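The values are calculated or read from the model by the stated rules, or taken from the named source; none is laboratory data. Please read these numbers as outputs of a predicted model, since none were measured by experiment. For neighbour counting, all protein chains shown are included, and Cβ atoms are generated from backbone atoms with ideal geometry for every residue, glycine included. Remember, those area values only see protein heavy atoms, side chains included, never the ligands or the DNA or RNA. Shrake-Rupley method; radii C 1.70, N 1.55, O 1.52, S 1.80 Å.
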Amino acid sequence: MSMVSVNVEEKLFQNRYRVDAGRPHIRIRNADVCTNDCREKSCTFVCPASCYKVEGNGSVTLITDGCLECGSCRILCTDHDNIEWEYPRGGHGILFKFG
Ligand code: SF4
Ligand code: SF4
């Protein structure tokens, strides 16, 4: 039996994402808190789908397309409680492929 190694990107590529246009399921409550009060900006390096990005001016942008609904960003932001997080509406969001 041979072992096939598959990297994370290849695995992620097997998933499909259905965008709910204009209705992001995660929202940053107060962008100023990210820019001025959050030194760690943990969301920007923990997200497996790279949804959060630090901009040159220190602000943080969030694009939820491709979100895997893992919930890590919300958990890591508990100090600032600055993320409003819901599951996408039925039929939208990540569609996991099994097998
Ligand atoms: S961890 Fe929370 S407060 Fe900090 S940058 Fe991310 S969303 Fe903003
Ligand atoms: S729930 Fe997970 S995949 Fe989605 S934005 Fe948060 S950390 Fe990224």
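Numerical summary
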{"item": "Every pair of residues 6+ apart whose Cβ atoms lie under 6 Å, when the first sits in region 60-84 and is within 6 Å of ligand 2 (Cβ to nearest atom) while the second is assigned to a helix (DSSP H, G or I)", "result": "Ser72/Val46; Cys73/Cys43"}
{"item": "Residue within region 13-35 that is at pLDDT 90 or above, in a loop (DSSP other than H, G, I, E, B), surrounded by 11 or more Cβ atoms within 10 Å (Cβ to Cβ) and within 10 Å of ligand 1 (Cβ to nearest atom) present", "result": "yes"}
{"item": "Residue count, region 39-77 (criterion: in a helix (DSSP H, G or I) and either among the aromatic types (Phe, Trp, Tyr) or on the phi > 0 side of the Ramachandran plot (or both))", "result": "1"}
{"item": "Filtered residues of region 17-42 (kept if of a type outside the set (D, E, K, R), more than 12 Å from ligand 2 (Cβ to nearest atom) and closer than 16 Å to Gly93 by Cβ)", "result": "Val19, Ala21, Gly22"}
{"item": "Pair list, Cβ < 8 Å and 6+ apart or interchain, from region 41-52 residues that are over 12 Å from Asp65 (Cα atoms) to residues that are outside any helix (DSSP H, G or I) and aromatic (Phe, Trp, Tyr)", "result": "Lys41/Tyr52; Cys43/Tyr52; Thr44/Tyr52"}
{"item": "For Glu9: the one exception among (1) open to solvent by 80 Å² or more (accessible area, probe 1.4 Å); (2) in a loop (DSSP other than H, G, I, E, B); (3) at pLDDT below 95", "result": "(2)"}
{"item": "Failed condition for Gly91, given (1) under 28 Å from Asn7 (Cβ atoms); (2) assigned to a loop (DSSP other than H, G, I, E, B); (3) touching a residue at least 60 places away in the same chain (Cβ under 8 Å)", "result": "(1)"}
{"item": "Members of region 43-63 that are touching an Asp or Glu at 6+ places or on another chain (Cβ under 9 Å) and under 25 Å from Gly93 (Cβ atoms)", "result": "Ala49, Cys51, Thr61"}
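So that you can scan it fast, the table gives a plain yes or no per residue for (1) within 11 Å of Cys43 (Cβ to Cβ); (2) loosely packed, with under 15 Cβ neighbours inside 10 Å; (3) more than 12 Å from ligand 1 (Cβ to nearest atom):
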{"residue": "Glu55", "(1), (2), (3)": "no, yes, no"}
{"residue": "Thr64", "(1), (2), (3)": "no, no, yes"}
{"residue": "Leu68", "(1), (2), (3)": "no, no, yes"}
{"residue": "Ile75", "(1), (2), (3)": "yes, yes, no"}
{"residue": "His80", "(1), (2), (3)": "yes, no, no"}
{"residue": "Gly90", "(1), (2), (3)": "no, yes, yes"}
